[in-house]
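One structure below.
The values are calculated or read from the model by the stated rules, or taken from the named source; none is laboratory data. Here the structure is a predicted model, which is why all the values come from computation and not from measurement. Cβ sites come from the backbone with ideal geometry, for glycine too, and all protein chains shown count toward neighbours. When the accessible area is computed, the model is the full protein with side chains, heavy atoms only, and any ligands, DNA or RNA have been set aside. Shrake-Rupley method; radii C 1.70, N 1.55, O 1.52, S 1.80 Å.
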Amino acid sequence: GDKHVRQRLSAVLEAESGMNDPMAVFLTVLLIDCIQSPEVSWGAMALRLGWEMALGGLAGIVFGKLAVWGVNKVQLKSPGLYPILALAFAVVAYSATSLLHGSGLLAVYLMALILGNSDIVYRQAIFRFNEGFAWMMQIFMFILLGWLAFPEKLMAVAWQGLVLSALLILIARPLGVWLCTLGREWQRNERIFIAWAGLRGAVPIVLAIYPLIAKSQFIFNAVFFVVVTSALIQGSTISYLGEKLGAMAAGRKKMPHMLELVSLGKTDVEILEIEIEKDTAADGRCIADLGLPPQVLIAAIVREQTVVTPKGGTVLLSGDIIYTLVPKKQKDYIHRLLTSNEYVPQPQ
């Protein structure tokens, strides 16, 4: 629909998801090593943790800057190759960091943050490709979960798996959220939503394979119940609960169209996509009265399910999605001009 999680909550959940995964991988591998080699000291484990996190963070920043430079500078014959180039940087970042015994997941996460928040060529093509690829991999992980699970062995640990899932959903996760937000300005409903939004999905399946390789089918079967119950119970109720707790905010409508000019990658201009909100300076004004610089061109207006041809006398309405051809140095100014509810002076 036209609802999405409020910015404050979505930012916390995204950051938590990205930072949790490297730590989860580290702890899983470390505990398996401790079981197989009990002589490992706590000091050595702490040193190893510090090295993995520090190297992963540094490598992520370095490879992020390198990826931005590479995607913008490398001249490829086809636009379809740029998403592959971005993915190749992720593979190299993970591999190089892991070879040096750092956290490859943390490196890739930080690299993706830097790449996604930078001005890069063929931005939409890269994002669409990686979004589809990520969904395909998640689906594959759930298929893999089914391949490695055997019904006769699952029933033997059914009650343990269900009890573990209940403990995680009802006790461990809420307690962890409460402790982490203690003393901070978080409302009770926000804490409840964050606690319930801790879905277990593809990453726990990957982590369950580690003990399976170490000849522990029991742990894998227990994780099976945790993942399935979390997906069925939390996944199916998260939207309803978010509405009831006030965690959802009215957001922009799903775009019926997407506009992108692939030739923009070699110039200093780009397409800026802006939604006209109610009671802003642009709401109800015609394009000629907006005071746009001569270098700025409104290329298209999406209104409901139709595309309106922009002319000087065309009046912008709240809810319109406008695609504007803007010089990169004026991007911030144009965005503020069309979204602010007060006068925005033009930068000199």
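Data table
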quantity: Odd one out for Ala288, checked against (1) modelled with pLDDT of 80 or more; (2) in a loop (DSSP other than H, G, I, E, B); calculated: (2)
quantity: In the range 166-215, the residues that are more than 26 Å from Tyr240 (Cβ to Cβ) and among the hydrophobic types (A, V, I, L, M, F, W, C); calculated: Leu179, Leu182, Val206, Leu207, Ala208, Ile209, Leu212, Ile213, Ala214
quantity: Val68 closer than 23 Å to Ile126 by Cα, over 22 Å from the mean Cα position of the chain (by Cα) and either surrounded by 15 or more Cβ atoms within 10 Å (Cβ to Cβ) or not polar (S, T, N, Q) (or both); calculated: no
quantity: The range 122-162: number of residues that are within 19 Å of Lys215 (Cα to Cα), among the charged types (D, E, K, R) and surrounded by 13 or more Cβ atoms within 10 Å (Cβ to Cβ); calculated: 1
quantity: Residue tally, condition closer than 17 Å to Asp279 by Cβ, at pLDDT 75 or above and outside any helix (DSSP H, G or I), over the range 323-347; calculated: 2
quantity: Complete set of residues in the range 96-115 that are open to solvent by 20 Å² or more (accessible area, probe 1.4 Å) and within 16 Å of Val68 (Cβ to Cβ); calculated: Val108, Tyr109, Leu110, Ala112, Leu113, Ile114
quantity: Among the residues listed as Glu39, Glu16, the single one being charged (D, E, K, R) and in a helix (DSSP H, G or I); calculated: Glu16
quantity: Residue, nearest to Phe63 (Cα to Cα), within the range 79-107, restricted to residues that are touching a residue at least 40 places away in the same chain (Cβ under 8 Å) and hydroxyl-bearing (Ser, Thr, Tyr); calculated: Thr97
quantity: Residues (under 23 Å from Gln36 (Cβ atoms) and of a type outside the set (A, V, I, L, M, F, W, C)) located in the range 193-246; calculated: Pro204, Tyr210, Pro211, Lys215, Ser216, Gln217, Asn221
quantity: Any hit, the range 163-178, residues being open to solvent by less than 30 Å² (accessible area, probe 1.4 Å), part of a helix (DSSP H, G or I) and more than 30 Å from Gln36 (Cα to Cα); calculated: yes
